[in-house]
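Have a look at the structure below before the remarks.
The values are calculated or read from the model by the stated rules, or taken from the named source; none is laboratory data. Everything numeric here is computed off the predicted structure, so don't read it as measured data. With ideal geometry, Cβ positions are generated from the backbone for all residues, glycine too; neighbour counts draw on all protein chains shown.
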Amino acid sequence: MKGILKHTLTSLAVASLLASPLAQATNGYFKIGAGSKNRGMAGAGIAFGQDGMAAAINPATVSEVGSRFDAGVELFKPKRSGEVDASGLAIPDMGNGPRQGMLSSEKSRSNAFFIPHFGIAKAWSDRVSIGMAVVGNGGMNTRYGDADSGTGNIFTTAFAPAIGDTSTGTFQPGGPSGFAGALENGGVPAAQIDPNLNALYNNPNARPSLGVNLGQVLITPTIAYKFTENQSIGFSPVLGYQTFRAYGLGLFQAFSSDPGNVTNNGNDDAYGFGAQIGYLGNFGPVSIGAMARSKIYMDKFKKYSGLFAEQGDFDIPPTFGAGIAFKATPSLTVAADVTRILYSEVKAIANKGPTADEFFNAFTGALIGNPALISNPLGSNDGWGFGWDDIWVYKVGVNYAYNSDWTFRAGFNYGQVPYDDDQALFNVLAPAVVEKHITAGFTRSLNANSEVTVTYMHALRNDVQYTYQGTGPNAAFSYTAKNDMYQNALEISYGMRF
């Protein structure tokens with residue numbers, strides 16, 4: 001049975017994703033909405049269902065959309081860049097020249113993604129409606145550099161020059177130099193350091209390119225029930241599928257409790273389940289709605305059990321929200337939602353990344369072969385993560401039916417950056433820094449039963465930058481990390497009533 005379920009989920013997920021990776025989404029790593037109409041209103045729809053995608057937003061609103069099918073595709077173009085300036089890691093001259101980290105700044109080379117969706121709703125009776133939506137919930141993607149250029153690994157380019165060499169090493173001739181030389185001069189035998197330098201410098205996973213790709217699909221078969229003429233409840237079991245891969249993180253394998261399962265292990269798949277519920281009440285011109293979705297409990301990423309906390313556990317966070325829609329005139333509806341995404345419920349996302357001193361101590365531990373100096377090894381229960389917090393998301397949108405053939409929409413979405421500035425280092429891989437999203441779109445009726453919807457979204461540029469400063473014996477050393485992103489998206493869908 002488990003094999004049949006996995007085969008079914010994989011088939012649906014691949015059909016939904018068209019084998020395309022998802023890029024970094026916008027409210028943290030969640031998309032701002034589901035379907036072209038909902039996204040045209042910046043995701044506001046908990047109290048205003050419009051099409052077959054309603055099951056993915058609030059299952060109770062399926063009772064309002066009738067019998068219809070909707071499918072579409074989004075061209076998503078995020079522009080991300082990352083920077084690490086390790087020039088503050090300047091090791092004093094020990095007679096053979098100083099060693100110093102470098103400034104490494106790269107734009108992500110993976111910038112265009114096609115993300116499909118589809119949904120169906122059926123009015124089964126006067127009281128009962130059923131439906132299902134298949135959506136890309138979100139993801140994170142970066143690709144710095146490529147194999148052809150041999151450059152672009154931000155972490156390796158920035159930090160490796162400061163590692164240095166011992167008096168007997170052959171990796172940076174002329175040693176002792178850098179951190180390795182300083183350790184040797186401090187009394188650590190070169191013979192103890194050299195094997196670890198060899199593991200660092202000759203690790204093929206530390207070059208040439210750097211990146212991650214996470215894609216998530218949610219499948220929500222739904223039933224909605226009108227328990228009064230104007231009020232509905234809805235329920236959906238939520239089936240989840242996600243895929244992940246990482247490459248170029250060889251510099252951090254020595255920081256892991258499971259070094260062989262940190263990076264360059266290809267794609268890994270995970271399956272899981274959860275549930276969501278919803279309520280919708282229509283009271284004259286005002287509608288109110290509420291929804292809650294549980295954590296989606298996913299299989300672990302076994303190939304990356306040494307990267308993510310709790311041995312590769314990467315569940316999908318729970319979320320809840322409420323919304324209101326006001327029919328100001330027969331043609332104009334204004335809707336607003338507020339939602340909460342509980343990233344803190346997933347340790348792989350929520351655990352803090354290293355402080356400057358923890359980072360320096362980890363490098364020391366890697367060079368002398370003492371894992372006890374690594375305070376929170378990657379992959380352990382308390383292993384370093386991205387430092388994401390819970391966030392509030394605010395959405396407001398308008399829907400204006402100009403006439404029987406044309407409907408226009410616009411919206412604004414604000415979602416907080418999910419991490420503090422001091423988490424910028426690891427978030428070079430997942431620069432979820434955009435906060436403000438502007439959307440606009442329209443629907444054109446083709447005939448009485450079919451229509452085409454087009455939506456455009458722009459997420460305004462934002463950046464996060466932080467300088468990590470050592471203390472105590474590390475007071476002379478510092479490094480800076482920066483995340484930067486803006487986004488554009490164009491979406492088109494076809495809807496058919498039946």
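Could you list all residues from segment 42-74 that are crowded, with 24+ Cβ neighbours inside 10 Å, in contact with a Leu (Cβ under 8 Å, 6 or more places away or on another chain) and outside any loop (DSSP other than H, G, I, E, B)? Listed by number, the residues that qualify are A56, A60, T61, S63. Only a single item in (1) under 20 Å from the mean Cα position of the chain (by Cα); (2) over 26 Å from M457 (Cβ atoms); (3) surrounded by 23 or more Cβ atoms within 10 Å (Cβ to Cβ) is not met by F386, and it is number (2).
If the condition is being assigned to a loop (DSSP other than H, G, I, E, B) and surrounded by 19 or more Cβ atoms within 10 Å (Cβ to Cβ), then segment 138-170 contributes G145, G152, N153, G164, T166, G169.
Per-residue answers, yes or no, for (1) among the hydroxyl-bearing types (S, T, Y); (2) modelled with pLDDT under 95; (3) in contact with a Phe, Trp or Tyr (Cβ under 9 Å, 6 or more places away or on another chain); (4) farther than 24 Å from N205 by Cα:
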| site | (1), (2), (3), (4) |
| --- | --- |
| Y304 | yes, no, yes, no |
| F308 | no, no, yes, no |
| F314 | no, no, yes, no |
| T319 | yes, no, yes, yes |
| G323 | no, no, yes, yes |
| S331 | yes, no, yes, yes |
| A348 | no, no, yes, no |
| Y400 | yes, no, yes, yes |
| T407 | yes, no, yes, yes |
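Scanning segment 268-281 for any residue that is without any contact (Cβ under 8 Å) to a residue 40 or more places away in the chain, assigned to a helix (DSSP H, G or I) and more than 30 Å from A401 (Cβ to Cβ) turns up nothing. G101 meets the stated requirement of being out of contact with any strand residue (DSSP E or B) (no Cβ under 6 Å at 6 or more places or on another chain), buried (at least 22 other Cβ atoms within 10 Å of the Cβ) and not hydrophobic (A, V, I, L, M, F, W, C). Listed by position, the strands (runs of 3 or more DSSP E) inside segment 415-498 whose residues that are crowded, with 21+ Cβ neighbours inside 10 Å, out of contact with any His (no Cβ under 9 Å at 6 or more places or on another chain) and of a type outside the set (K, R) number at least 3 are 450-469, 478-497. When segment 429-473 is filtered for residues that are β-branched (V, I, T) and either modelled with pLDDT under 95 or under 26 Å from G45 (Cβ atoms) (or both), the ones remaining, listed by number, are V433, V434, I438, T439, T443, V452, T453, V454, T455.
For segment 399-433, give me each residue that is among the hydrophobic types (A, V, I, L, M, F, W, C), in contact (Cβ under 8 Å) with a residue 60 or more places away in the chain and under 30 Å from G250 (Cα atoms). Break it down stepwise before answering.
Filtering segment 399-433 down to residues among the hydrophobic types (A, V, I, L, M, F, W, C) leaves 401, 406, 408, 410, 412, 417, 424-426, 428-430, 432-433.
So of that shortlist, the ones also in contact (Cβ under 8 Å) with a residue 60 or more places away in the chain come out as 401, 410, 412, 425-426, 428-430, 432.
The answer is L425, F426, V428, L429, A430, A432.
In this structure, is T228 in a loop (DSSP other than H, G, I, E, B), out of contact with any Asp or Glu (no Cβ under 7 Å at 6 or more places or on another chain), surrounded by fewer than 18 Cβ atoms within 10 Å (Cβ to Cβ) and polar (S, T, N, Q)? It is true that T228 is in a loop (DSSP other than H, G, I, E, B), out of contact with any Asp or Glu (no Cβ under 7 Å at 6 or more places or on another chain), surrounded by fewer than 18 Cβ atoms within 10 Å (Cβ to Cβ) and polar (S, T, N, Q). Of all residues in segment 330-357, those satisfying the criterion of being closer than 26 Å to I32 by Cβ and among the hydroxyl-bearing types (S, T, Y) are S331, T333, T339, Y343, S344.
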